[in-house]
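Have a look at the structure below before the remarks.
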Amino acid sequence: MTLDLCSVNEGVALITLDRPPLNTLGLPLRRHLDDALHAAMADDAVRAVVITGAGRGFSGGGDITEFDLPSGGHAPLPGPQLDQLEASPKPVVAAMHGFALGGGLELALACHARVAHANTQVGLPEVQLGLVPGAGGTQRLPRLIGVEQALNMVLRGSTHSAASLRDSGLFDRVTDGDVVREAMALARALADSGVLRRTGALPCRMDNVQAFTAFVRGGLKTAPGGSTAPLACVDCVEAAATQPLRKGLDVEAAAFQRLRHSPQFAGLRHVFLAERRAAHLQDLPPGTQTRQVRRVAVIGGGTMGSGIAMAMANAGLSVLLVERDPAVLERALRTLRAHYESLAQRGKLSSETAFARIALVAGAVDYDGVSQADLVIEAVFEDLAVKREVFERLDAVAKPGAILASNTSMLDLNAIAAFTRRPQDVLGLHFFSPAQVMKLLEVVRGADTAPDVLATAMALARKIGKTAVVSGVCEGFIGNRMLESYLMQAGLLLDEGALPQQVDRAIEAWGMAMGPFRMCDMAGNDLGAKIRAARIERDPTRVYSGTFDRLVALGRFGQKAGRGWYDHISGQRTPTSSAEVQALVEAQSAQLGLQRRAISDAQIVDRLLLALANEGFKILEEGIAQRASDIDVVYTAGYGFPRWRGGPMFQVEQRGLGDVLAAMQRFSDGPAYQRADHFWRPAPLLVRLAEQGATLHSLDNTSEAA
């Protein structure tokens, strides 16, 4: 980033933030900005300054990778730097395009005026990392747009287009044209007027602000031990309305420093960075190109298939939904239309957008139109024989170079690819239901999957707004394979003395969105029985609690039957515990000759988490996951694991691998565990890392270097 004073145009100097790809405000860019501003202030030929961003946007904000580095504490620090910018005797105007997020928006707020392209996305997303904005955002934004709207933006951490905020007071001008040209003209006008509007000097008043903020605090829900950033955001914005700027900035700075050292921030930052690492494929050949995907065919019109069709249409892709049963196809298309019409009625989409998305999806009861598709996604019943029939037909009709994907959640993708004469074009795209909503997408790489097919799948995931993680081929891939160990352990807890409601209550209080037994009721216990039977047939050493099959034998299939591990009463959102299930659980313990005992909530949580993590170490050692942090992404994005906990692998890393081994040894001791003592046999990778004093973080760094 340089300031070429020879290019000063009619007294206005242009400073360009240039640190690809996001122009993050790490120490190098802060120093360059500081040097350029000082040069502009010292040059008599410069009457005003315009700051803009190079490339795709203005600035993506601060560099959170810098927080643990010495450079994070080196001058110029963001807060003081923006205070000095605001105090500039010469007008400084922000010319914003693309995005201005976090510290990038705070930089613009400290300028004396702001010009934005209508499509610019702005926001203060720090709360999503367990932080408050730390460079004056909570103090300057309310002075421009008012306390209520500012607090809403800060608490949600959401982004908004400049066009939607055109009349908010945030921008001096919003344009569809050249933002730099508009900003230069405004800067000259400000210089001519001799009047500077410093944001921090603007009044920030609101009648009954304490009553308003008390009301907001009362509506915030914070999980025990969870992020306290929302409450801190309310405190900071309240200070903006009740304190002078300097005191408000001090309140904000103190909250930021407290939160940046919290375990909640550590977990949230880990997931934030892990999601970005997950998109990087370690062994992709340099220069790998992606294939064009404009038309998509989805085979299967059930809940998953129609959800996938909507996910594609949401990204503007043309979709052919193929379902051999005309009644099922019509129901799927009717559901799709109703979905978009509902979004339009609720103001979530414009009527034009809803109509356009409906028009992107066509239906068919044959494969004739599949020959036009660039990508075909199979979403039929989870049966290898059924999938064989589908892929053999696809092999015959799909055009050369078309990508053939299976939505299988656990079947052997290599076997599916072998049903075709083009295994290099086959991979897995494991969506999670509802596919148009859930963020996680497991991209399953087969033994023969071509690099450009894999790269195309990852690019498609970004296009449709999914968080993608690459998995190798194994039963259940990453997420469902680990879930099996989790559910097995949940069942063993029942055999030894716990009840379903205690297990669920303990892990939900810890932060999981849903406990294992509530989850089974939602998914269908009869479906779980079929999966379990197939797994036991392949591996008779697997030990499940007999309560699972006893439950199904009683017809307690879950929510759809009105009874499962719980009784589900129509019109009542919260399920109730069942005396019949308690008797069933106790009978199973008696049959095994186990004396039921009290099990603490802490032990329940410990055993469930370590069951997940131990399987995660096995997955890592087998090369199924690229890196430990990818496993954390799978669980935080797709399985209800609390983001502020960082994921199962992050949790054991924070705890210490030696302590994890010791806990597993304790769990394997005693007569109650003898029938499943192999369950707590630690993964060899876990043992090796613990003995070496190594960490998963170092393992990830080594694999990245490779």
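Scanning the stretch 496-540 for residues being modelled with pLDDT of 90 or more and either over 21 Å from Tyr635 (Cα atoms) or part of a helix (DSSP H, G or I) (or both) gives a total of 22.
Look at Arg597 and say whether it is outside any helix (DSSP H, G or I), of a type in the set (D, E, K, R) and modelled with pLDDT under 95. So Arg597 fits the description; yes.
Highlighted here are the strands (runs of 3 or more DSSP E) found entirely within the stretch 307-408 that include at least 3 residues which are closer than 25 Å to Thr420 by Cα: 318-322, 375-378, 403-406. Among the residues of the stretch 409-430, just one is open to solvent by less than 20 Å² (accessible area, probe 1.4 Å) and in a loop (DSSP other than H, G, I, E, B), namely Thr420.
Of these, Gly103, Gly130, Gly61, Gly134, which one is more than 30 Å from Ala45 (Cα to Cα), open to solvent by 10 Å² or more (accessible area, probe 1.4 Å), in contact (Cβ under 8 Å) with a residue 12 or more places away in the chain and under 27 Å from the mean Cα position of the chain (by Cα)?
Details: Gly103 fails: more than 30 Å from Ala45 (Cα to Cα); Gly130 fails: open to solvent by 10 Å² or more (accessible area, probe 1.4 Å); Gly61 fails: open to solvent by 10 Å² or more (accessible area, probe 1.4 Å).
The unique qualifying residue is Gly134.
Conditions (1) free of Cβ contacts under 8 Å to residues at least 12 places away in the same chain; (2) of a type in the set (Phe, Trp, Tyr); (3) touching a Ser or Thr at 6+ places or on another chain (Cβ under 6 Å); (4) open to solvent by 60 Å² or more (accessible area, probe 1.4 Å), marked per residue:
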{"site": "Ile145", "(1), (2), (3), (4)": "no, no, yes, no"}
{"site": "Arg156", "(1), (2), (3), (4)": "no, no, no, yes"}
{"site": "Ala211", "(1), (2), (3), (4)": "yes, no, no, yes"}
{"site": "Leu220", "(1), (2), (3), (4)": "no, no, no, no"}
{"site": "Gly225", "(1), (2), (3), (4)": "no, no, no, no"}
{"site": "Cys236", "(1), (2), (3), (4)": "no, no, yes, no"}
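Within the stretch 488-520, the only residue that satisfies the criterion of being closer than 14 Å to Gly546 by Cα and among the polar types (S, T, N, Q) is Gln489.
In the set Ile631, Ile619, Ile604, only one residue is modelled with pLDDT of 95 or more and farther than 20 Å from Ala468 by Cα; that residue is Ile604.
Leu155 meets all of the listed conditions (1) out of contact with any Pro (no Cβ under 6 Å at 6 or more places or on another chain); (2) in a helix (DSSP H, G or I); (3) farther than 24 Å from Leu33 by Cβ but one, namely (1). Kindly indicate whether any position in the stretch 192-199 is in contact with an Asp or Glu (Cβ under 8 Å, 6 or more places away or on another chain) and of a type outside the set (A, V, I, L, M, F, W, C). Yes, the conditions are met somewhere in the stretch 192-199.
When only residues in the stretch 258-306 that are in a helix (DSSP H, G or I) and β-branched (Val, Ile, Thr) count, which is surrounded by the most Cβ atoms within 10 Å (Cβ to Cβ)? I'd like the intermediate steps shown before the answer.
Here is the first cut: in the stretch 258-306, the ones in a helix (DSSP H, G or I) are 258-260, 263-278, 303-306.
Among the residues that remain, those that are also β-branched (Val, Ile, Thr) are: 271, 303.
Details: Val271: 26, Thr303: 14.
The qualifying residue surrounded by the most Cβ atoms within 10 Å (Cβ to Cβ) is Val271.
Scanning the stretch 159-180 for residues that are surrounded by 14 or more Cβ atoms within 10 Å (Cβ to Cβ) and assigned to a helix (DSSP H, G or I) yields Ala163, Leu165, Val179, Val180. Candidates are the residues of the stretch 560-590 that are touching a residue at least 12 places away in the same chain (Cβ under 8 Å) and surrounded by fewer than 17 Cβ atoms within 10 Å (Cβ to Cβ); the one that is farthest from Arg518 (Cα to Cα) is Ala587. Among the residues making up the stretch 57-104, those that are in a helix (DSSP H, G or I), among the aliphatic types (A, V, I, L, M) and closer than 22 Å to Ala39 by Cβ are Leu82, Leu85.
The values are calculated or read from the model by the stated rules, or taken from the named source; none is laboratory data. Since this is a predicted model, take the numbers as computed values, not measurements. Cβ coordinates were reconstructed from backbone atoms using ideal geometry, including for glycine residues, and neighbour counts include every protein chain displayed. Side chains are part of the model used for accessible areas, which takes the heavy atoms of the whole protein and leaves out ligands, DNA and RNA. Shrake-Rupley method; radii C 1.70, N 1.55, O 1.52, S 1.80 Å.
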